[in-house]
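Here's the structure we're looking at; comments come further down.
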Amino acid sequence: MRHPHTHGSPKYATFCVFPKPSHEITRMSLDKEAVSRIAQLARLRVDESEYELYARNLSDILSFVEQLNAVDTTGVEPMAHPVEASQRLRPDEVSETDQRAQFQGIAPRVEAGLYLVPKVIE
Amino acid sequence: MFQKTISELAKGLRAGEFSSVELAQSFLARIQAHDPQLNSVVTVTAEAALAAAGAADERLSNGDAVLLTGIPYLHKDIFCTEGVRTACGSRMLDSFEAPYDATVTLKLKEAGAVMLGKTNMDEFAMGSSNETSFYGPVKNPWDLERVPGGSSGGSAAAVAARLAPLATGTDTGGSIRQPAALCGITGIKPTYGRVSRYGMIAFASSLDQGGAFAASAADAALLLEAMCGFDERDSTSLDRPVEAYSERLDDGIDGLRIGLPKEYFGEGLDPGVAAAIDTAVGEFEKLGAVVRDISLPNSSLAVPAYYVVAPAECSSNLSRMDGVRFGYRCEDPRDLEDLYMRSRGEGFGAEVKRRIMVGTYALSAGYYDAYYLKAQQVRRLIREDFAQAFAEVDIILGPTTPTTAFKLGEKADDPVTMYLSDIYTIAVNLAGLPGMSIPAGFAGGLPVGLHLVGDYFAESRLLNVAHRYQQATDWHTRVPAAFGA
């Protein structure tokens, strides 16, 4: 039996919002509460009337991928790039021209070169 | 005109039998006449096409044309096109006009190819039937009640109906090969890193790869060659010279070692599809190939590994759609969080939301190792299966899909069943290998796709093997009756 551990997780996510998956049960079951938490984390507004359908869909998908846990991957290096290419480096020089006006031309709302969003600080 | 091969079209242009403008007009007329039935093209760029064709005619008369100069094509609506909407099948980008061209767009412009428009696709390339598009489903030209496959369903259906001689696509888990199979055309996805991903809207970055659709391997070779090449702007692009794919097409395949993975011929494979593949195997033997059984023991893990890796990467990639810098924004947001949540909630469709949520869950605190890391480890096991196979054979052959085209709506409510329609194609993306699908007959009146997989950078060999098969057979010349005139 393998348990997930937090090694390698992003530092900012120090809270755990889900119950630990138990690999003894192969059927993953997310409830409406879990769907609401995931949607909140993903910044997705999901209508309450759809919680049940998403709960069923997500449980189906997660149960399906549970079969990965039957495989022994001890000592197997995770694969990042198929041909093991690493990140290229380039000289630290300015390579792009200023295209702010063009990029902001497609924004929903801008003013004086700034992107506008609802007030964050009262 | 629409039955001609690319080299025939190129010859005709050079001989002055027709101009590039006339060629563009004739395909634009086909789109206008036939696409209302198919819904394969979401944006027709007639005016720009005729201008580009005019410029191509000038190049042709100046003698500085290359092979694709003046040849029309349709572009999957996932590739950014400056000044032309790039919607990626989503309400989120319904009004998005990219401020720049994708590298692929630019390369095809430089070659002088003439873009006729942008093709319909599953939303953000997430789908296997083209039913998740904001612009409605694409219909399969062989049977309008059936799906064309996905996610590049518009490109595949358009080429199958000969609305364009060439089309681009992208393949993250089979999105070129599966629709090519279901629509009875040729589609190739090269080695990961071969075609630049710059300006190709990201779904799952470690799997996404651009590629080509055409009636034949010989035609696809020309488009693929124009699309491939190193690009500084894509951090995973590979700096290796691109072979002239069309030069090796006629090489002999005597003694070619073909491997049939026993896992791809098991339960779940439609008997009609199996029979067509068996016949094709016999054809390859007649051409001198040596066929043997092989095993890819971790095959069954490919789809589950993919449905961790792809959603995880998509949840991260799609976080850029936030209603602030571009794309859809909800009306009257209460506060910043409401702006994010409603813009994304209203802008994305159900399948995209499902995958973002699966990915968010898999990447959340305490779950990263159990899901993403585990899937990346399994990915290496799958890659090793292929490495062992390629020590013994040159090409792996099997069916592209377990069945022929299914009915619209048949699998739409059941994500996992839908995911399994990519069961033979997904492993190739996880390993980053090149693969292609070519037409290999019919089952119940619907096209059957033959899947060919090569070792890394074996695009030339794949196209050569496909071409030799197409020299000996005529499946690739078949056009659905309703679109044959």
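I'm trying to understand the selection: among the residues of the stretch B:38-61, which are over 26 Å from B:CYS228 (Cβ atoms) and either open to solvent by less than 10 Å² (accessible area, probe 1.4 Å) or over 22 Å from the mean Cα position of the chain (by Cα) (or both)?
B:LEU38, B:ALA46, B:GLU47, B:LEU50, B:ALA51, B:GLY54, B:ASP57, B:GLU58, B:SER61
Could you list, in sequence order, all residues of the stretch B:68-87 that are in a loop (DSSP other than H, G, I, E, B) and either crowded, with 19+ Cβ neighbours inside 10 Å or modelled with pLDDT of 95 or more (or both)?
Hits for the stretch B:68-87 are B:LEU68, B:THR69, B:GLY70, B:ILE71, B:ASP77, B:ILE78, B:CYS80, B:GLU82, B:THR86, B:ALA87.
Sort out which residues of the stretch A:34-79 are at the interface with chain B (Cβ under 7 Å from one of its Cβ atoms), under 23 Å from B:ARG320 (Cα atoms) and part of a loop (DSSP other than H, G, I, E, B), and write them in order of number.
Within the stretch A:34-79, A:ALA42, A:ARG43, A:LEU44, A:ARG45, A:VAL46 meet the criteria.
Against the definition (crowded, with 24+ Cβ neighbours inside 10 Å and closer than 18 Å to B:GLU225 by Cα), how does B:ALA167 come out, yes or no?
The answer is yes for B:ALA167.
I'd like the full set of residues that are more than 24 Å from B:SER133 (Cα to Cα), surrounded by fewer than 18 Cβ atoms within 10 Å (Cβ to Cβ) and of a type in the set (Gly, Ala, Ser), limited to the stretch B:21-37.
B:SER26, B:ALA29 - these are the residues of the stretch B:21-37 that are more than 24 Å from B:SER133 (Cα to Cα), surrounded by fewer than 18 Cβ atoms within 10 Å (Cβ to Cβ) and of a type in the set (Gly, Ala, Ser).
Checking A:SER29 against (1) part of a loop (DSSP other than H, G, I, E, B); (2) out of contact with any Gly (no Cβ under 7 Å at 6 or more places or on another chain); (3) at pLDDT 50 or above; (4) within 7 Å of another protein chain (Cβ to nearest Cβ), which single condition isn't satisfied?
It fails just one condition, (4).
Could you figure out which of (1) crowded, with 24+ Cβ neighbours inside 10 Å; (2) closer than 23 Å to B:PHE390 by Cα; (3) touching a Leu at 6+ places or on another chain (Cβ under 7 Å); (4) away from chain A (no Cβ under 14 Å) isn't true of B:THR172?
With (1) crowded, with 24+ Cβ neighbours inside 10 Å; (2) closer than 23 Å to B:PHE390 by Cα; (3) touching a Leu at 6+ places or on another chain (Cβ under 7 Å); (4) away from chain A (no Cβ under 14 Å) applied to B:THR172, the lone miss is (4).
Can you pull out every residue in the stretch B:3-20 that is surrounded by fewer than 19 Cβ atoms within 10 Å (Cβ to Cβ) and on the phi < 0 side of the Ramachandran plot?
Answer for the stretch B:3-20, where residues must be surrounded by fewer than 19 Cβ atoms within 10 Å (Cβ to Cβ) and on the phi < 0 side of the Ramachandran plot: B:GLN3, B:LYS4, B:THR5, B:SER7, B:GLU8, B:LYS11, B:GLY12, B:ARG14, B:ALA15, B:GLU17, B:PHE18, B:SER19.
Quick check on my filter: what residues within the stretch B:360-409 are touching a residue at least 60 places away in the same chain (Cβ under 8 Å), within 14 Å of chain A (Cβ to nearest Cβ) and hydrophobic (A, V, I, L, M, F, W, C)?
B:ALA375, B:VAL378, B:LEU381, B:ILE382, B:PHE386, B:PHE390
For the stretch B:330-344: of the residues being within 8 Å of chain A (Cβ to nearest Cβ) and buried (at least 20 other Cβ atoms within 10 Å of the Cβ), which is nearest to B:ARG91 (Cα to Cα)?
Out of the qualifying residues, it is B:ARG344.
If I ask for residues that are within 21 Å of A:ALA80 (Cβ to Cβ) and either free of Cβ contacts under 8 Å to residues at least 40 places away in the same chain or facing chain A (nearest Cβ under 7 Å) (or both), which ones from the stretch B:345-359 would you list?
Of everything in the stretch B:345-359, just one residue is within 21 Å of A:ALA80 (Cβ to Cβ) and either free of Cβ contacts under 8 Å to residues at least 40 places away in the same chain or facing chain A (nearest Cβ under 7 Å) (or both), namely B:VAL358.
The values are calculated or read from the model by the stated rules, or taken from the named source; none is laboratory data. Bear in mind the structure is a predicted one, so any value in this text is a computation, not a measurement. As a convention, Cβ positions derive from the backbone with ideal geometry for all residues, glycine included, and neighbour counts pool all protein chains shown. We work out accessible area using only protein heavy atoms, side chains counted, and drop any ligands, DNA or RNA first. Shrake-Rupley method; radii C 1.70, N 1.55, O 1.52, S 1.80 Å.
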